[in-house]
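Below: one structure, written as structure tokens.
The values are calculated or read from the model by the stated rules, or taken from the named source; none is laboratory data. From a predicted model like this one, the values you see are computed outputs, not experimental measurements. Here the Cβ is made from the backbone with ideal geometry for all residues, glycine too, and neighbour counts use every protein chain on show.
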Amino acid sequence: MRFLVTGGAGFIGSHFIRYLLNKYPDCRVVNYDKLTYAGNLDNLRDRQNDPRYLFVQGDIADFGSISQVISEHDITHLVNFAAESHVDRSIVNSDEFIHTNIIGTHTLLEAVRKYGNIRLHHISTDEVYGALGPEDPPFNENSSYRPRSPYSASKAAADHLVRAYFHTYGLPVTISNCSNNYGPYQFPEKLHALFITNLLEGKKVPLYGDGLQVRDWLYVEDHCAAIDAIVQRGRPGDTYCVGGGCEKTNLAIARKILALLGRGEEMIEYVADRPGHDRRYAIDYRKIQRELGWAPQTDWETGMKKTVAWYRQNTAWWKKLKINYLFYEISG
């Protein structure tokens, strides 16, 4: 297998590349990343000398560059993680979200259509489905699309393009809509990474509104295993919902991190809520469990302990990011 992983220098993409190299001794991986603020080659510093791994800097909306990589490396599988993904940034300025998430996805589809014999898997989000009420059943593969932010609208558009290219051109594509991920190497604008690093710096954690927004949390390594199962055994044209079966409020996450770091609730700073903030997301992952035998393996207690421990042990990694980049210190 010869993989092209777009957005491979990001949080989930870098974990997936490491997963592939660990699991498949004979695979080759090209990491194609634009290296925006959230792309970080330090995420894969331990793999930079692996002869099976190659980094190429580029924009997924650049058809010539993508086509050259596919052709030169005889790519058999393309997994698209490349995306602008932070809701708050999309509210302030959505231009890059349209460029990367919609135009970029279209460019990848056209490149795959040109070269053929490439399996494409597109990483999406549960946010395309909108928001759930407290008693609503979790989202599944038949849920209607109701995006409520520029970010989720751009991802919804990308999903529709991928699905259209299967029906119109017969491209062997799959889509996964996943719940919120957490774990090591996450850029410190996201909830877990922001809260942990703030507390390690002696700063408070900013919590939107009453903090009772609910998300379904998935440990990133479990997500990688799900993607691998879909790429290897998923039916072309199908969508798979990938969830953690772990619904927690933002306040519960904050309290857990505080407890693991030995801090009290005086370190919580309640801030004005995000415009149009979705109240609850949750994913029903029974289809991928039934058809592909996947289920999350990392329980919340274990995942939280591993995540906090990693940030405590890797201060140089995240401190450099906080120094070099300006970002909104808000919870996701």
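If you go through region 114-146 and keep only what is touching a strand residue (DSSP E or B) at 6+ places or on another chain (Cβ under 6 Å), part of a helix (DSSP H, G or I) and of a type in the set (Ser, Thr, Tyr), you end up with just TYR129. Only residues that are out of contact with any strand residue (DSSP E or B) (no Cβ under 8 Å at 6 or more places or on another chain) and either part of a loop (DSSP other than H, G, I, E, B) or not assigned by TED's automatic domain parsing to the domain that holds PRO236 (or both) were counted across region 76-105, and they come to 4. Each residue in region 22-52 was checked for being under 21 Å from the mean Cα position of the chain (by Cα), at pLDDT 95 or above and aromatic (Phe, Trp, Tyr), and 1 of them qualify. Scanning region 100-142 for residues that are closer than 16 Å to ASP216 by Cα and over 21 Å from the mean Cα position of the chain (by Cα) yields GLY133, PRO134, GLU135, ASP136, PRO137.
Each residue in region 1-57 was checked for being free of Cβ contacts under 8 Å to residues at least 60 places away in the same chain and assigned to a strand (DSSP E or B), and 11 of them qualify. Here TYR151 passes the criteria (1) outside any helix (DSSP H, G or I); (2) at pLDDT below 95; (3) buried (at least 17 other Cβ atoms within 10 Å of the Cβ) except the one numbered (1).
Here GLN297 passes the criteria (1) at pLDDT 95 or above; (2) farther than 30 Å from ARG233 by Cα; (3) out of contact with any Ser or Thr (no Cβ under 9 Å at 6 or more places or on another chain) except the one numbered (2). The condition of being basic (Lys, Arg) and touching a Pro at 6+ places or on another chain (Cβ under 8 Å) does not hold for ARG146. Here is the figure for region 188-214: residues that are modelled with pLDDT of 95 or more and basic (Lys, Arg) total 2.
Being at pLDDT below 95 and of a type in the set (D, E, K, R) is a property that does not hold for GLU141.
Among the residues of region 164-190, those that are touching a strand residue (DSSP E or B) at 6+ places or on another chain (Cβ under 7 Å), outside any strand (DSSP E or B) and either in contact (Cβ under 8 Å) with a residue 60 or more places away in the chain or not aromatic (Phe, Trp, Tyr) (or both) comprise PHE166, LEU171, PRO172, SER179, GLY183. Between VAL220, VAL308, the distinction of being β-branched (Val, Ile, Thr), within 18 Å of the chain's Cα centre (by Cα) and closer than 20 Å to LEU194 by Cα belongs to VAL220 only.
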